[in-house]
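Worksheet: the structure to be examined is printed underneath.
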Amino acid sequence: MTPPLWPAPVASAPVDAVVALPGSKSVTNRALVLAALADGPGYVRRPLRSRDTTLMAAGLRAMGVAVEETAEGDWRVVPAPLRGPARVDVGNAGTVMRFLPPLSTLAEGPIRFEGDPRAYERPLDAVILALRDLGADVDDGGAGRLPMTVRGTGGLRGGIVEIDASSSSQFVSALLLSGARFANGVEVRHVGTSVPSTPHIEMTVAMLRAAGVRVDHAEPDVWRVAPGPIAARDVVVEPDLSNAAPFMAAALVAGGTVTIRDWPRETTQPGDWLRDLFTRMGGSCEFTAEGLRFTGTGEVHGIDADLHDVGELTPTIAAVAALADSPSRLTGIAHLRMHETDRLAALAKEINNLGGDVTDTADGLEIRPRPLRAGAFQTYDDHRIATAAAVIGLVVPGVEVENIATTAKTLPDFPLLWSALLGQAAGPEAATAS
C-alpha cells in the first residue's frame, strides 16, 4: 500500500517557538544495553519512545531482561541471566542490529536476529567476524548480514580483535558496550580508513566510564575495555540534538527564533555541531536559562563542510543548502550510502526532482541552489530524508512528502511538532512542541 502524501506546511511568517525535543536515541539505546548488563536494577529516565528504542527494549525483553515502564514514563531495567531461544526484530535500527548481537553471546541458547528488508542490505560483517574472532558461534549463512543466529553459551572469551569500522562507528561501540562482560574484556583495533561519526564512540566511552568500566583509548584507533562489573545507574537522557536540526533550520530558512529547551552545554552528541554549522550558514545562537536560542533571518549562505564525524546531520544541511544564496560542498560522507537508505543518492534525486541542481559525488554532495518548485518528495523510509523535505516545504509551496510517518523512527509525532512550531508564527506567545 502506497503511503499517503503529506502536504508540507509553508511558513507564512517568521517562526517563534520553544521546542522540547524527545530524548536522544543514541543515549537511550546505549543506556538500555548497559542497564541490561549491570550489576543491579537501574533506570533510564526521559527516554526516547520511538520505533528504534522500542525495538531495543523488546529485544532485551526477549532475552530475559525486565524493562518496566514507571508511572513517570521512565524505564526501570532489571538485569537477569540472558537466555534463548529467542527472536529479536531489529527493524531497520542500526543500534539494535549491531549492539545486541555482542550482548547475545552472553546468553544461554540461540538468539535469532531478523528485521526489515532494508536491514538485510546493511553491513554487519565487521561485527560478525569480530564476534567469531572473540569466540562466538554466529550463523549468518555466509552473507555477512542479517538474518543470523547467535548461539550463545553463557559467556564469551573476548580479547583482542581487529575490525574495519570505516563504514560505521557502531561496529566499535557494539563491541565496547558488552566488552566488560567478556571473560578477557575486549581490545578493539580499527584497521581501515578513518572511522566516521566518532562522537558516537566518544559517547559510548563516556557512558561506560560513568558506569565504572575502565576504558583505555590512549592509542589512536584502539579501544581497550577491562573485564569487570557494570554499575547500575540512574541515567537521565539528554534531548536528541540531531533532531533539533529541522527546527533550527526552520528559523534559518524562514527567519525567526527557535529555542531548543535543555540543550546541554557539554555533550558528546554529534548534534552539538549544529551550533557551528548553522551559524556559518547565516544564523546566530546563544545559551539561555531555558536552553539554546537560535535565530535566523531567512538569508541562507552556502557552506563547504566535512561532515564525516556528523553524517546524520547531512540531510537537513543539504535541504538548507538547496535554499541558500551560494553553492555548498558537503564531503566525508560516503558512509551514508549504507544508512537507512543511500542518503546521498536519495537527496540528490529528490532535490533535483523539485528543480534543484545537486550532484552526488564519491564522498558527498555538491549543491548549486536553483529556484525550487512544487512536487512529491520520496523518503525511502528514512526519517531524516522526511524531515529534510519538511524544511524545504517551509519556503517552497506544494511540496508533498511521501510517508512522513517514517519520522517515528526517532522523532514521534513529528507532524504535530512541526505544526506547533509553525502555529506560533502568527501568535504572540511561544509554544512548546513536546
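Collect residues whose amide H, placed 1.01 Å from N in the peptide plane, falls under 5 Å from the amide H of T361; neighbours closer than 5 in sequence don't count. HN-HN under 5 Å from T361: E366. Extending 7 Å from the Cα toward the beta-carbon at both S12 and L416 defines two label points whose distance is 2.3 nm.
May I ask for the net charge around G192, where only other residues with Cβ less than 15 Å from the Cβ of G192 are counted and Lys, Arg are +1 while Asp, Glu are -1?
In short, -4.
Provide the gained length on full extension for the span V191 to R61, in nm with one decimal, where the gain is 0.36 nm per separating residue minus the Cα-Cα distance.
Details: separation 130, 0.36 × 130 = 46.80 nm, distance 3.44 nm.
Length gained between V191 and R61: 43.4 nm.
Which far-off residues, 5 or more places away or on another chain, put their amide H under 5 Å from the one on G375, with H placed in the peptide plane? Amide H neighbours of G375: V399, E400.
Output the relative contact order of the chain, whole-number percent, from Cα pairs under 8 angstrom with separation of 6+ residues.
Values: 1090 pairs, mean separation 82.9, N = 434.
Once divided by the residue count of the chain, the mean separation gives 19 percent.
Phi angles of the stretch 224-236 translate, via the Karplus equation with coefficients 6.51, -1.76, 1.60 and θ = phi - 60°, into HN-Hα couplings of 10, 10, 6, x, x, x, 10, 6, 5, 9, 10, 9, 9 Hz per residue; Gly and Pro are given as x.
Taking amide hydrogens as placed 1.01 Å from N in the peptide plane, the amide H of I303 sits under 5 Å from those of S328, R329, each at least 5 positions away in sequence or on another chain. Report summary: the helix-based calculation at 222 nm, which adds -39500 (n - 2.57) for every DSSP H run with n ≥ 4 and divides by the residues of the chain, gives -8500 deg cm²/dmol. Between E299 and E121, the FRET efficiency estimated from the beta carbon spacing at R0 = 41 angstrom works out to 0.55.
Taking every DSSP bridge with both residues inside the chain, close to 60 percent are antiparallel.
Once the 1.4 Å probe is applied to the protein heavy atoms, the stretch 25-236 comes out at 36 Å² accessible per residue. Solvent-accessible surface (1.4 Å probe) assigned to Y120 amounts to roughly 80 Å². A Förster radius of 35 Å combined with the Cβ-Cβ distance from R132 to A206 puts the calculated FRET efficiency at roughly 0.75.
When only DSSP loop residues count, what trypsin sites (Lys or Arg not before Pro) in the stretch 306-410 have their Cβ near at most 16 other Cβ atoms within 10 Å?
Working: sites: R329, R337, R343, K349, R373, R384, K409; in loops: R373.
The qualifying sites are R373.
Can you tell me the relative contact order of the stretch 25-236? Whole percent, Cα pairs under 8 Å, sequence separation 6 or more.
On the way: 501 pairs, mean separation 43.6, N = 212.
RCO, the stretch 25-236: 21 percent.
Once neighbouring chains are kept in place and the probe is 1.4 Å, which whole percent of the accessible area of the chain is contributed by carbon and sulfur? Answer for the chain is 50 percent, counting heavy atoms of protein chains only.
With a Förster radius of 45 Å, plug the Cβ-Cβ distance of E286 and A80 into 1/(1 + (r/R0)^6) and report the FRET value to the nearest 0.05.
Values: r = 47 Å, r/R0 = 1.04.
E between E286 and A80, to the nearest 0.05, is 0.45.
Across the stretch 56-64, computed HN-Hα scalar couplings (Karplus, 6.51 cos²θ - 1.76 cosθ + 1.60, θ = phi - 60°) run 5, 4, 5, x, 5, 4, 4, 8, x Hz from first to last residue, x flagging Gly and Pro. Of the labelled figures (i) 111, 27, 17; (ii) 33, 29, 18; (iii) 37, 23, 20, only one reflects semi-axes √(5λ) of the Cα gyration tensor in Å as derived from the coordinates, namely (iii). Extending 7 Å from the Cα toward the beta-carbon at both R368 and A218 defines two label points whose distance is 5.3 nm. Each residue of the stretch 271-281 was assigned a 3J(HN,Hα) from its phi angle through the Karplus expression (A = 6.51, B = -1.76, C = 1.60, θ = phi - 60°), giving x, 5, 5, 4, 4, 6, 4, 6, 5, 5, 8 Hz with x at Gly and Pro.
The values are calculated or read from the model by the stated rules, or taken from the named source; none is laboratory data. Keep in mind that this is a model prediction, so the values were computed, not measured. Cβ atoms come from the backbone with ideal geometry, glycine included; neighbour counts cover every protein chain shown. Note: areas computed on protein heavy atoms with side chains; ligands, DNA, RNA excluded. Shrake-Rupley method; radii C 1.70, N 1.55, O 1.52, S 1.80 Å.
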